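K.L.:
I have a structure here, written as structure tokens, and I will follow up with some questions on it.
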Amino acid sequence: MSTDLVSFSFDLMKKKSHIPEGLSVHGSLLGHYYHDFRYELSMPRKMDCNGIPLWDYGDPIGQRYHPVLITAYSLALHEKYLYDCDDESRTRFLQLADYLVEMQKQSRTGFGWEYDVPSYKYHTESRWVSAMAQGLGISALLRAYQIDPREVYLNSASKALDAFDLPCKDGGVREVDEAGHVFFEEVPSTSPAGSTHILNGFFFALWGIHDYVRVTGEARAQRFLGEGIDTLRETIASYDTGYWTLYCLGWRNYLTDRFYHQLHIDGAAVFHLITGEPLFQRFAERWAAYQNNPWCLVRWWAGYRFFRVVNKATRIATLLKLA
């Protein structure tokens, strides 16, 4: 990676949740993304011969293409281009957008950026689609379209939206719980218990749909966005333990680390900006207060340490299955 791609402040070289300055959440002109991904540009990543970042799963899987990483990395380049106005970031951003178009064409569904690695942790088989990757990809392609108005970017974003209309069991990302809440799943699961409703992935999925509504006004996207925000409004309290936030719900629920807790705070604040609903601002403020409360921090530390032990055991079991 060239050194000029890491020429931003030291703070952004650390992975932490951050809402970009100058964020606008309304209007058809897309600028800054809702989460500043520029920290991705400073992380040690392997690249393929075309400059596409790879995710290292370790032995025995090795380096693989990872849709969330690729889409987040593209948005990081776009953010750097907005701040620095450098041609290299613009060029590399559009190259990744082109790769997303080609990657989508090679998918089984024609709409999804697929993982070719199963997730034993969440009971997901190989060749699955993530709502988080779909949302991030839509946001990246629409920004590419506004920089270089080629119809292929808009068409690819439109195809990606199909994932939100298809149930998880049929290769999409849509899951409806017993109460009728519509979730868009970061990791669609084949478990009888269903998917786990990962909160940050739900945020990113909805932001992609929101961007599509901003640019096109399409009724189908408006329906998806309405369904998702209704679900978020009615279930956000379920992620609140009274001292910290949960990463997800259901059979895999556990406490977030500090990064994802801050991301939840920022996400709730962004949805307050989008909807104007005080509910989201209240949760953003409530969750922020937990970070300054010693008793909350002690309870979080103990619970999170226990999760890390369990998670390590799960990873070892997964590697044994793959060996």
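K.L.:
Tell me, please, whether a residue that is under 20 Å from the mean Cα position of the chain (by Cα), outside any loop (DSSP other than H, G, I, E, B) and free of Cβ contacts under 8 Å to residues at least 12 places away in the same chain can be found in the range 145-154.
P.N.:
no
K.L.:
Being hydroxyl-bearing (Ser, Thr, Tyr), under 17 Å from TRP207 (Cβ atoms) and touching a Gly at 6+ places or on another chain (Cβ under 6 Å) is the requirement here; does THR71 meet it? Break it down into steps so the answer makes sense when it comes.
P.N.:
On the way: hydroxyl-bearing (Ser, Thr, Tyr): yes; under 17 Å from TRP207 (Cβ atoms): yes; touching a Gly at 6+ places or on another chain (Cβ under 6 Å): yes.
Yes.
K.L.:
While we're on this one: Run down TYR33, TYR83, TYR39, TYR65 and say which single residue is free of Cβ contacts under 8 Å to residues at least 40 places away in the same chain and surrounded by 13 or more Cβ atoms within 10 Å (Cβ to Cβ).
P.N.:
Values: TYR33 fails: free of Cβ contacts under 8 Å to residues at least 40 places away in the same chain; TYR83 fails: free of Cβ contacts under 8 Å to residues at least 40 places away in the same chain; TYR65 fails: free of Cβ contacts under 8 Å to residues at least 40 places away in the same chain.
On inspection, the qualifying residue turns out to be TYR39.
K.L.:
Of the residues GLY267, GLY228, which single one is in contact with a Leu (Cβ under 6 Å, 6 or more places away or on another chain), among the small types (Gly, Ala, Ser) and not in a loop (DSSP other than H, G, I, E, B)?
P.N.:
Working: GLY267 fails: in contact with a Leu (Cβ under 6 Å, 6 or more places away or on another chain).
Sole residue among the options that is in contact with a Leu (Cβ under 6 Å, 6 or more places away or on another chain), among the small types (Gly, Ala, Ser) and not in a loop (DSSP other than H, G, I, E, B): GLY228.
K.L.:
Could you check the range 145-192 and list, in sequence order, the residues that are more than 28 Å from GLY31 (Cα to Cα) and either open to solvent by 70 Å² or more (accessible area, probe 1.4 Å) or polar (S, T, N, Q) (or both)?
P.N.:
Scanning the range 145-192 gives LYS169, ASP170, VAL176, GLU178, ALA179, SER189, THR190, SER191, PRO192.
K.L.:
Can you name the residue in the range 175-193 that is in contact (Cβ under 8 Å) with a residue 40 or more places away in the chain and closer than 17 Å to MET132 by Cα and, of all such residues, is nearest to the chain's Cα centre (by Cα)?
P.N.:
Filtering the range 175-193 for residues that are in contact (Cβ under 8 Å) with a residue 40 or more places away in the chain and closer than 17 Å to MET132 by Cα, the one nearest to the chain's Cα centre (by Cα) comes out as GLU186.
K.L.:
Okay, moving on. Taking the range 236-270 as the search range and keeping residues that are open to solvent by less than 40 Å² (accessible area, probe 1.4 Å) and of a type in the set (Val, Ile, Thr), which one is modelled with the lowest pLDDT?
P.N.:
THR256
K.L.:
Tally up the residues in the range 270-279 that are assigned to a helix (DSSP H, G or I) and either over 19 Å from the mean Cα position of the chain (by Cα) or not hydrophobic (A, V, I, L, M, F, W, C) (or both), please.
P.N.:
Looking only at the range 270-279, we keep the residues that are assigned to a helix (DSSP H, G or I), and these are 270-275, 278-279.
With either over 19 Å from the mean Cα position of the chain (by Cα) or not hydrophobic (A, V, I, L, M, F, W, C) (or both) added as a condition, the list becomes 272, 275, 278-279.
So the answer is 4.
K.L.:
Turning to a different aspect of this structure: Working only within the range 88-117, note down all residues that are polar (S, T, N, Q), open to solvent by 20 Å² or more (accessible area, probe 1.4 Å) and closer than 19 Å to ALA131 by Cα. Show your work before the answer.
P.N.:
First, the residues of the range 88-117 that are polar (S, T, N, Q): 89, 91, 95, 104, 106-107, 109.
Still in the running and open to solvent by 20 Å² or more (accessible area, probe 1.4 Å): 91, 95, 106, 109.
Within the range 88-117, GLN106, THR109 meet the criteria.
K.L.:
Then there is this: Condition first: in a strand (DSSP E or B) and in contact (Cβ under 8 Å) with a residue 60 or more places away in the chain. Now tell me which residues in the range 46-62 satisfy that.
P.N.:
Of everything in the range 46-62, nothing turns out to be in a strand (DSSP E or B) and in contact (Cβ under 8 Å) with a residue 60 or more places away in the chain.
K.L.:
Which of (1) at pLDDT below 95; (2) open to solvent by 60 Å² or more (accessible area, probe 1.4 Å) does LEU5 not meet, given it meets every other one?
P.N.:
So the condition that LEU5 fails would be (2).
The values are calculated or read from the model by the stated rules, or taken from the named source; none is laboratory data. Predicted model, so just to flag it, every value in this text is computed and none were measured. All Cβ positions, even for glycine, are placed from backbone atoms using ideal geometry, and neighbour counts span all protein chains on display. Ligands, DNA and RNA are excluded from the accessible area calculation, which covers all protein heavy atoms including side chains. Shrake-Rupley method; radii C 1.70, N 1.55, O 1.52, S 1.80 Å.
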